[in-house]
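Everything on this sheet refers to the single structure shown next.
The values are calculated or read from the model by the stated rules, or taken from the named source; none is laboratory data. These numbers come from a predicted model, not from an experiment. Note that we place each Cβ from the backbone using ideal geometry, even for glycine, and neighbour counts take in every protein chain shown.
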Amino acid sequence: MPKGAKAWVCIIGIFLDLINNHSWSHPQLCKIPTTLDGPFVPFTAPFDPSLRGKTVDLPDTDPRVQRRVKGFEPEQISVTLSATYDSVWISWITGESQIGYNVKPLDPKTVSSIVRYGQLRFPLTHEARGYSLVYNQFYPFEGLQNYTSGIIHHVRLTGLKPSTLYYYRCGDTSIPAMSDIFFFKTMPVSAPQNYPGRIAIVGDLGLTYNTTTTVSHLNSNKPDLILLIGDVTYANLYLTNGTSADCYTCSFPDTPIHETYQPRWDYWGRFMQNLVSKVPTNGGGREP
Ligand SMILES: [Fe+2]
């Protein structure tokens with residue numbers, strides 16, 4: 001289709017979208033403007049009533065939230081912005097988290113934190129090392145289950161070039177337990193007329209069947225950067241036995257302390273890996 005015709009189809013598409021209360025439903029025809037085409041008059045899309053009105057959490061039986069790796073292979077891999085374009089953090093988890101009455105924290109020293117990376121897929125010429133930790137949520141109340149995480153690894157890559165694609169894999173080369181090869185693109189040099197073209201801003205993601213729709217929209221619009229502006233998994237709507245409620249205090253008025261179900265964080269990290277292993281985020285806010 002010639003460019004002019006495409007533009008008209010796009011304009012007509014947007015018009016039809018507006019009168020139908022849809023926004024951007026013709027991405028294959030429209031070039032969605034980037035921030036560099038702006039500034040624009042702010043536009044608030046009306047709520048689309050075809051979306052699910054009641055959110056339903058993905059259950060722990062959903063394959064998208066289940067642990068798929070073996071042994072100490074990395075999972076929940078993500079790229080997070082550091083101070084400037086020339087550095088990012090690569091984070092991941094090894095080993096299994098535990099929840100129950102007799103959990104035994106893993107020793108973070110048992111698995112190294114190594115990232116191999118470079119501008120070519122083969123060979124990955126650079127190596128960086130980082131640190132690891134575990135966190136525990138132990139309750140001093142009988143009947144409440146305790147949680148201890150897998151080993152959480154953080155490695156900072158430095159000396160990166162701006163607006164450049166890098167390939168990487170992470171893990172421990174000595175076990176060996178290295179991930180597949182992933183890739184991400186660094187931020188441009190920061191300047192008044194020079195910033196990421198596509199910035200996705202999202203909050204209150206949760207891990208529901210609406211989240212899956214939101215995240216597939218994020219994916220298909222190919223953002224350069226994702227800003228997670230707060231509230232992530234809503235693990236705090238759960239008891240330690242995995243029971244949830246839309247309103248914690250209404251449903252569980254008698255619990256001795258506000259409980260959470262930390263495995264929801266592992267579920268979220270697994271579900272999000274496909275997106276956040278390739279698109280840098282700001283790390284996001286973290287409710288308990
Ligand atoms: Fe929220």
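Worth a mention:
- The range 247-264, residues that are free of Cβ contacts under 8 Å to residues at least 60 places away in the same chain, of a type outside the set (S, T, N, Q) and either surrounded by fewer than 15 Cβ atoms within 10 Å (Cβ to Cβ) or under 17 Å from residue 94 (Cβ atoms) (or both): 247, 250, 253, 254, 258
Yes/no per residue for (1) in contact with a strand residue (DSSP E or B) (Cβ under 7 Å, 6 or more places away or on another chain); (2) more than 16 Å from the ligand (Cβ to nearest atom); (3) assigned by TED's automatic domain parsing to the domain that holds residue 101; (4) on the phi > 0 side of the Ramachandran plot:
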position: 208; (1), (2), (3), (4): yes, no, yes, no
position: 212; (1), (2), (3), (4): no, yes, yes, no
position: 231; (1), (2), (3), (4): no, no, yes, yes
position: 239; (1), (2), (3), (4): no, yes, yes, no
position: 254; (1), (2), (3), (4): no, yes, yes, no
position: 258; (1), (2), (3), (4): no, no, yes, no
position: 265; (1), (2), (3), (4): no, no, yes, no
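- Any strands (runs of 3 or more DSSP E) falling wholly within the range 28-112 and containing at least 2 residues that are outside the structural domain of residue 136 (by TED's automatic domain parsing) and within 19 Å of the chain's Cα centre (by Cα): none
- Residues of the range 129-159 that are aliphatic (A, V, I, L, M) and either outside the structural domain of residue 90 (by TED's automatic domain parsing) or more than 22 Å from the chain's Cα centre (by Cα) (or both): 144 alone.
- Flag if residue 220 is modelled with pLDDT under 95 and either surrounded by fewer than 18 Cβ atoms within 10 Å (Cβ to Cβ) or within 23 Å of residue 56 (Cβ to Cβ) (or both): yes
- Of all residues making up the range 113-169, the number that are under 25 Å from residue 224 (Cα atoms), touching a Pro at 6+ places or on another chain (Cβ under 7 Å) and crowded, with 17+ Cβ neighbours inside 10 Å: 0
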